[in-house]
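To keep things clear, I will list the structure first and then write my remarks on it.
The values are calculated or read from the model by the stated rules, or taken from the named source; none is laboratory data. Every value quoted in this text rests on a predicted model; they were computed, and no experiment measured them. Every residue, glycine as well, gets a Cβ built from its backbone with ideal geometry; the counts of neighbours run over all protein chains shown.
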């Protein structure tokens, strides 16, 4: 028996079909491959990260709107191909999974054991840390370097 093909979703009773999540993932990977090919010719550095606008993704995927559920489904397909897709405010980002392996590791060890015990007991005071949730440019006393 032949394997069923991903045929996408119907926009209505008539008209063209929207590409499925797997098809959208493969289109994005194809764009990454084309970008990587032209990039390595000029810089010799492979593509390990990308900034993607919502408009570009809507155009590429032929969708009028990107729902979080659909983007997550595309992301699930991309993980299998070694990429992570995520929403980053007004744009999307994509990172090659292998690139993350070289990032610095962060652990909970800098947090004192007394604080971890308070968190577990449900009586930790989170109030002093809420300012960390503000956008970086809002904090006038912080370090803006990456």
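With respect to the conditions (1) over 30 Å from residue 18 (Cα atoms); (2) surrounded by fewer than 11 Cβ atoms within 10 Å (Cβ to Cβ); (3) touching a strand residue (DSSP E or B) at 6+ places or on another chain (Cβ under 8 Å), residue 100 falls short on a single one, namely (2). Could we say that residue 52 is assigned to a strand (DSSP E or B) and modelled with pLDDT of 90 or more here? So residue 52 fits the description; yes. In region 1-47, of all residues being in contact with a strand residue (DSSP E or B) (Cβ under 8 Å, 6 or more places away or on another chain), part of a loop (DSSP other than H, G, I, E, B) and surrounded by 16 or more Cβ atoms within 10 Å (Cβ to Cβ), the one that is modelled with the lowest pLDDT corresponds to 8.
Checking 84, 106 one by one, the residue that is outside any helix (DSSP H, G or I), touching a strand residue (DSSP E or B) at 6+ places or on another chain (Cβ under 7 Å) and either surrounded by fewer than 14 Cβ atoms within 10 Å (Cβ to Cβ) or free of Cβ contacts under 8 Å to residues at least 40 places away in the same chain (or both) is 84 and no other. Taking the stated definitions as given, is residue 85 touching a helix residue (DSSP H, G or I) at 6+ places or on another chain (Cβ under 6 Å) and under 25 Å from residue 133 (Cα atoms)? So residue 85 fits the description; yes. Restricting region 111-141 to residues that are closer than 18 Å to residue 89 by Cβ and modelled with pLDDT under 75 leaves a set whose member that is surrounded by the fewest Cβ atoms within 10 Å (Cβ to Cβ) is 138.
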